Amino acid sequence: MTRILLSDKLDNCVARWRKAGLTVIGPVKKETSSSYATVEKAADFDFGIVLPDRSIKGLFFPQTEPMMGYTIKKQDIATNDFAPPTEKRIIFGARSCDASGLAIDDPLFGWDYKDDFWFQRRNETVIVTIACTKADDFCMCTSLKLAPDSTKGSDVLLRPLQNNKGWLVEELTDRGREAFKEIADLLLDGSEQAAPLAVVPEKFNLDACVAWLKNPENFDSTFWKEISMRCIGCGSCTFLCPTCHCFDFQDEGDTYSGIRRKNWDSCSFSLFTMHTSGHNPRSTQSARWRQRIMHKFNYFPGKFSVNSCSGCGRCTRQCPVDMGITETLQAISTLKP
């Protein structure tokens, strides 16, 4: 027997979780864009979206966040640190590629310095993913050796029923089991079949790509200039990516007081590596695109033993000049190592 959550019980679930002090978040579509946002009732969810335009990354690593306030006095400087948030949340209906992105970034944020802001949010958030039963031409999770029902980064996995009336429930972590205790009496025992998973064809040979990227002789290959010719350096691919994590600190204020903020940055931007002297070691878009690919599939896995990509396809899906990681790796996989 498997436990089942019927979709007509979802309103009750949301009410229970909210009463227990959890903020409920899920995929929401507003006009022409979609994202993960706070919901108050089941009707707010939009589970028909293949993938929200924005990933859940911003819920753990905000696009801008105050870190410290300061006041410059006559004899000294007074500072006050902003504390990590303590809000308890449940994200219901996340896609597996977005949850995987969190797990991929966990070692990065806990590497030489533990980012309390990241881990506080991680520890206070329950991730409930729904296995994908449909995909589009941009989805590429299988190319990254993941799957439409990957459990990486998830606390509970839901598998849609064939009759489209609910989900099979797979509790994966203690955090997930604790959250679902709140709705235990709303779950049923049953033997219904799960709907077939989405078919996501492999789009490139990842092992061949990694082998080519690891060859030092290919660092200065003319391939980089050719493949990046269309890139305009807008950074949308990095801002939409579930795993990109570059940031910068900016002081905002006047002569006497202000706030130090952490803001997203991007290796696609021309100023990202600009030195005070005026020298820029990555002065061309081809060098910046090379860095992006090398980082995700060579440098990051060399440090953390995992590729910095979950296969969501947003970088290609939303690129204004119709290029992205998929096209680049497809081309690399045909080259000789």
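Each reported figure results from applying straightforward, stated rules to the coordinates on display, with no laboratory input. Since the model is a prediction, treat every value here as computed from it, not as a measurement. For neighbour counting, all protein chains shown are included, and Cβ atoms are generated from backbone atoms with ideal geometry for every residue, glycine included.
What the table below lists for this structure:
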| quantity | calculated |
| --- | --- |
| Full-extension gain in nm, ALA83 to LYS41, via 0.36 nm per residue minus C-alpha separation | 12.1 nm |
| Evaluated at q = 0.14 Å⁻¹: base-10 log I(q)/I(0), Debye formula over Cα of the stretch 79-195 | -0.68 |
| Where Rh is the Kirkwood radius over Cα pairs, Rg/Rh for the chain | 1.00 |
| Set LYS29/LYS152; LYS30/LYS181; LYS73/LYS262; LYS41/LYS152; LYS296/LYS336 screened for pairs whose C-alpha atoms are more than 22 Å apart | LYS29/LYS152; LYS30/LYS181; LYS73/LYS262; LYS41/LYS152 |
| Burial ranking of peptide ranges 23-31, 120-128 (average Cβ count within 10 Å, highest at the top) | 120-128, 23-31 |
| Charge tally in the Cβ shell below 13 Å around SER55, where Lys, Arg are +1 and Asp, Glu are -1, SER55 excluded | +2 |
| Alpha-carbon Rg with Dmax, taken over the stretch 255-296, Å | 13.8, 43 |
| Packing-based order for 270-283, 136-149, using average beta carbon neighbours within 10 Å, highest first | 136-149, 270-283 |
| Computed over the stretch 140-279, the ratio Rg/Rh where both radii use C-alpha atoms and Rh is Kirkwood | 1.12 |
| Net charge, PHE249 excluded, C-beta distance under 14 Å - Lys, Arg +1, Asp, Glu -1 | -4 |
| Packing-based order for 327-333, 89-95, using average beta carbon neighbours within 10 Å, highest first | 89-95, 327-333 |
| Relative contact order of the chain, defined on C-alpha pairs under 8 angstrom at six or more residues apart (%) | 21 |
